[in-house]
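The values are calculated or read from the model by the stated rules, or taken from the named source; none is laboratory data. Values in this document were obtained by computation on a predicted structure and should not be read as measured data. Cβ sites come from the backbone with ideal geometry, for glycine too, and all protein chains shown count toward neighbours. Ligands, DNA and RNA are stripped out before the accessible areas are found, and what is left, the full protein with its side chains, is counted by its heavy atoms. Shrake-Rupley method; radii C 1.70, N 1.55, O 1.52, S 1.80 Å.
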Amino acid sequence: MRFSIYSEMQYWGPPARKSPEQMYAEVAEQIVHADRLGYWSYAIIEHMFFERFSISPDPLSFFCQMAPRTKQINFRTMLHVLPYHNPTMLASRIAEAEILLDGRYEFGVGRGHGWIPPKAGVPLSEIRDLYEESFEVFFKALENERFSHQGRFYKVDDSHIVPSPPKRRMRIFVGGTSDYTYELAGRKGWTVAVPPLLPYGALERQLDIYRETCAAHGNEPDIVWIHACYMDEDREVAKRDAELGMRRFLEGNADPLKERASDEELEQAGYGFYASGIMEQLAATPYEEMITGDIVWVGTPEDVIERIEQTREVCAGLTEVAITVNPGGFEHWKAIKTQELFADLVMPHFER
């Protein structure tokens, strides 16, 4: 089993006593620390416009800065939101990253959260069609020496990207809640990243679709489980130290819904999940229920080992666990502490 770190880079402003510049500097130190401890990958979400959710609109440029400061850790964008990129330009940037990051780049693709289109100036009603066409053009560009395309949004005649497309088969990720996403991943042999905060039961049906589709197409399931995590060797100390950050983590994930479109518009655009009230309900979860309900992992290293064992028992195809160590604007020392405890006391258990 692989172990990695996932960050949304949630920013909570002056009450957290740090500037965006300080937050980027802290995450850079956390990446260097994770590399030294032997984590497989450091993943950062690509997200725009809503600071309490994320201040990370371009993880790839950040990773290119971090490559010379690290030796072995992989870098992962979760996910490139295709409707807001020119797909041929993005494919070119990934080909360049293959060189700059020395083959240590992983990425996912998706259409992004339902609250982004109005802020980006893209009609919500166009997102589904734009995503599907961008997806087609992007992979034509990334997987072929020459490509053409005639569509509604893009018309390309005998083009190519430079540098040339990567020669190796890259590990590609998808995430989300739609059945189509899981069926696509199964057909393509891609990796599924389970969104943080959701318990296994919330996506059991979609994961079954993924496993069944993998089997039908001769692919092995590759599932990444993401959870916010904080540890101390004293359970009560862990619970005390983590409360504010974990509350903010859930609140930050729901915060953009204050400016969402109408339920009808979201449903028509295929974003019905955002009209379901699930994220608001999670944000209102009492702290003790977050822990007992397996929404976040807070406790001793032994507690976290038990949670991972429970997840592995029910989730066939689980290959990687990713922990979020800086949720909700956590203090830097807390993130470093959890990275170290997890590497020293949790990862060896599963290696044995």
* Under a cut-off of 17 Å between alpha-carbon atoms, report the aspartates and glutamates in cross-link reach of residue 337, not counting same-chain residues fewer than 8 places apart. => 26, 29, 35, 232, 233, 234, 236, 241, 243, 302, 303
* **In order through the stretch 222-239: 3J(HN,Hα) via Karplus (6.51 cos²θ - 1.76 cosθ + 1.60), integer Hz, x for Gly, Pro** => 9, 10, 10, 9, 10, 8, 5, 9, 9, 9, 8, 6, 10, 4, 5, 5, 4, 5
* To do: Kindly write out, for the stretch 49-66 in residue order, the coupling ³J(HN,Hα) from the Karplus curve 6.51 cos²θ - 1.76 cosθ + 1.60 (θ = phi - 60°), rounded to whole Hz, with x marking Gly and Pro.
  => 6, 10, 5, 6, 8, 5, 10, 10, x, 8, x, 4, 5, 5, 4, 5, 6, 7
* Probe 1.4 Å, all protein chains present, accessible-area order of 167, 155, 337, largest first -> 167, 155, 337
* Structure fact -> Applying the gyration tensor rule to the Cα atoms of the stretch 1-159 (axes a ≥ b ≥ c; rounded if a/c under 1.5, else prolate if a/b exceeds b/c, else oblate), the class is oblate
* Structure fact -> Taking a straight Cα-to-Cα line shorter than 15 Å from residue 140, and setting aside same-chain aspartates and glutamates fewer than 8 residues away, one finds 132, 157, 158
* To do: Pop the C-beta distance of residue 167 and residue 349 into the FRET formula with R0 = 41 Å and round what comes out to the nearest 0.05.
  => 0.65
* To do: Collect residues whose amide H, placed 1.01 Å from N in the peptide plane, falls under 5 Å from the amide H of residue 228; neighbours closer than 5 in sequence don't count.
  => 197, 297, 324
* To do: Using Cα positions and a limit of under 28 Å, work out the lysines in reach of residue 258, with same-chain residues fewer than 8 apart set aside.
  => 18, 119
* Structure fact -> Under the Karplus relation with 6.51, -1.76 and 1.60 and θ = phi - 60°, whole-Hz ³J(HN,Hα) for the stretch 327-343, x at Gly and Pro, equal x, x, x, 3, 5, 4, 5, 5, 4, 4, 4, 5, 4, 6, 4, 5, 5
* Asked: On full extension of the chain, what length is gained from residue 145 through residue 86, given 0.36 nm per residue of separation minus the C-alpha to C-alpha distance?
  -> 19.4 nm
* In whole angstrom, note down how far apart the Cα centers of the stretch 149-206 and the stretch 225-245 are. => 32 Å
* Structure fact -> Taking GluC sites (Glu not before Pro) as exposed when in a DSSP loop with at most 12 other Cβ atoms inside 10 Å, the chain has its longest clean stretch at 1-144
* Structure fact -> Given (i) 135; (ii) 145; (iii) 161 as possible values of volume of the Cα convex hull per residue in Å³, the one from the coordinates is (i)
* Which percent of the accessible heavy-atom area of the chain goes to carbon and sulfur, probe 1.4 angstrom? -> 49 percent
* Structure fact -> Rounded to the nearest 0.05, FRET efficiency between residue 156 and residue 202 (Cβ-Cβ, R0 41 Å) equals 0.55
* Kindly report the accessible area of the stretch 1-150 per residue (heavy atoms of protein chains, probe 1.4 Å, no ligands, DNA or RNA), in Å². => 40 Å²
